[in-house]
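We did not get these values from a lab; they are worked out from the coordinates using the rules stated. Predicted model only: the values in this text are computed from it and were never measured. Positions of Cβ are backbone-derived with ideal geometry, glycine not excepted, and every protein chain shown enters the neighbour counts.
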Amino acid sequence: MLYTPLSTTDIFPSSEQEFQKRQCISHNGKQLYVEEMEDGQFQVLQLLSTDPQDFMNSDYLPGTILR
């Protein structure tokens with residue numbers, strides 16, 4: 001049993017290729033865990049922040065496409 005805030009897919013990705021598409025980036029001063037899409041854009045998977053106000057910003061919702 002693992003006690004972690006990470007999701008199961010973060011710990012046990014479906015394939016090595018899928019795992020390599022994921023990375024942490026800085027966007028507008030915020031740390032984001034993203035996945036690179038086929039067209040080179042990034043899809044937000046998770047916002048990494050200790051500021052509760054950051055989570056109220058709809059620009060950082062999971063699934064948002066960064067341009």
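A few comments on the model shown:
- Taking the square roots of five times each eigenvalue of the Cα gyration tensor of the chain, the equivalent ellipsoid has semi-axes of 21, 17, 9 Å, listed largest first.
- Between Gln31 and Phe19, residue separation times 0.36 nm minus the direct Cα-Cα distance comes to 2.5 nm.
- Amide H contacts for Thr64 (H built 1.01 Å from N in the peptide plane; partners 5 or more residues away or on another chain; cut-off under 5 Å): Val44.
- Helical content alone sets the calculated 222 nm signal of the chain at -2500 deg cm²/dmol, taking -39,500 (n - 2.57) per DSSP H segment of four or more residues and averaging over every residue.
- Each Cα pair under 8 Å and six or more residues apart adds its sequence gap; the mean of these over the residue count of the chain is a relative contact order of 21 percent.
- Interchain or long-range residues, amide H under 5 Å from His27's placed H: Leu32
- Thr8-Ser58 FRET efficiency (beta carbon distance; Förster radius 22 Å; 0.05 resolution): 0.25
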